[in-house]
């Protein structure tokens, strides 16, 4: 498999609805380790598998963004929000849209069920930044990005920035740095089938 890297909008993986993970393999553990490394390198607090072009229902989070704070590392496999409470609005950014920020309404408090890297089911209730980060990453797994959640009037302000990402990505495809969308979708399909 090619080396993992964080992909930028409009890479087709970012619009892919991720597939449930059926078993935890040594490869999956390596993937998680690499995802944390890439996230720290980019100074992020969360990273979803499809942001590294993998169609898996998995994301990692460390709200401190500090690799030395490894006890703050959380892995969410096949996550699901089981309860929501309240609404709050706050600014979000995304490692797949660097330097783009916008206000998004989210549930204030959520309860999440997910599996950890040992295959253990856990349940956690979160609020504030943790709740926002989990909702943001969970959206990624469904092919939703934070600008999709923004109020239209605010979204318009970002459209020009987002268009720049689009043209840069298309330019990289023309120069052969990236395969065509169709080719990428085929690769995602293959990775998905390999999950069984």
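Summary table below
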{"item": "Residue list for the range 30-86, filter: in contact with a helix residue (DSSP H, G or I) (Cβ under 7 Å, 6 or more places away or on another chain), in a strand (DSSP E or B) and farther than 15 Å from residue 141 by Cβ", "result": "none"}
{"item": "Within the range 99-196, helices (runs of 4 or more DSSP H) holding 2 or more residues that are in contact with a helix residue (DSSP H, G or I) (Cβ under 7 Å, 6 or more places away or on another chain) and free of Cβ contacts under 8 Å to residues at least 60 places away in the same chain", "result": "152-174"}
{"item": "Sole residue being under 13 Å from residue 95 (Cβ atoms) and crowded, with 19+ Cβ neighbours inside 10 Å, chosen from 58, 54, 14", "result": "14"}
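Laboratory data are not the source of any read-out in this text; all were calculated from the coordinates shown. None of the values given here were measured: they were computed from a predicted structure. Every residue, glycine as well, gets a Cβ built from its backbone with ideal geometry; the counts of neighbours run over all protein chains shown.
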